[in-house]
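Single-structure report; data block below.
The values are calculated or read from the model by the stated rules, or taken from the named source; none is laboratory data. Please read these numbers as outputs of a predicted model, since none were measured by experiment. Cβ sites come from the backbone with ideal geometry, for glycine too, and all protein chains shown count toward neighbours. The protein model used for the area step is the full one, side chains on, heavy atoms only, and it has no ligands, DNA or RNA in it. Shrake-Rupley method; radii C 1.70, N 1.55, O 1.52, S 1.80 Å.
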Amino acid sequence: MDNHPDEISDIESYSKKTTYTAEEKQIIMARLNEERLIHQRAEEELQGKKRSFTEEEKKKILAKLNEKRLSAQKREEIKKKRLHNKKRYTIGNKAFYKFTNMEREYYIEIEDCDKITNRPSIVTLYYKSVSEYEVKKKDVLIKTEIYSDKFFVSYDIHRVYFKGYSLEDEK
């Protein structure tokens, strides 16, 4: 499969779709087959079946490795942006971040932020009751997305509907 710049941009636009044409399916399947072959050759080499690669195969492998490196780097940048320079609150002896634009002033423990992934998980959020001294808890589903610096929260654990929220920035 040739890596023409216009073909790469087409592949990137495919990830935003839910239905595909026959031509798009062929391109996607060719790309997946290419990745499978690269992994298969790498496994064969690890098992002792040495094999020499052509220059074209070397370029493809290096391009794939570079693509993976860039993807990991982008994920790390977004994760850093998600938590960098955010206002910290101390309630009792625990440190919290505060969500903005939520129905209440919800707080999340700083330690919990590191545990959140793109897979939904139950996390406890805290909020102040009518009396400012009493703190209550609410369990919610929360996850992150690779493309966004927001946390996606679903208030109801049984009826899952995620909405994106950011943490309060340092002033």
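Points worth noting:
- Estimated distance in nm for a label pair at Val130 and Lys163, the labels positioned 7 Å out from Cα along Cα-to-Cβ: 2.4
- C-alpha center-to-center spacing [the stretch 65-93, the stretch 113-171] in angstrom: 16
- Farthest towards the positive end of the charge dipole of the chain, among the residues Thr117, Ile146, Thr18, is the Cα of Thr117, using unit charges on the Cβ of Lys, Arg, Asp and Glu.
- Cross-link reach list, lysines versus Lys59, counting only Cα pairs under 23 Å and skipping chain neighbours closer than eight places: Lys49, Lys50, Lys68, Lys74
- Normalised contact order of the stretch 61-171, rounded percent, pairs of Cα under 8 Å and 6 or more residues apart: 24
- Protein accessible area in the chain, 1.4 Å probe - carbon and sulfur %: 50
- Above-threshold pairs, the threshold being 25 Å between Cα atoms, out of Lys115/Lys150; Lys79/Lys163; Lys25/Lys150; Lys64/Lys115; Lys115/Lys138; Lys25/Lys80: Lys25/Lys150; Lys64/Lys115; Lys25/Lys80
- The listed residues Glu45, Glu34, Glu103 rank as Glu103, Glu45, Glu34 when sorted by accessible area, largest first, using a 1.4 Å probe.
- The chain - charge dipole about Cα centre, Lys and Arg +1 at Cβ, Asp and Glu -1, debye rounded to 20: 580
- Counting only protein heavy atoms and a 1.4 Å probe, the chain has 74 square angstrom of accessible area per residue.
- Size of the chain: Rg and Dmax of its alpha carbons, in Å, are 22.4, 72.
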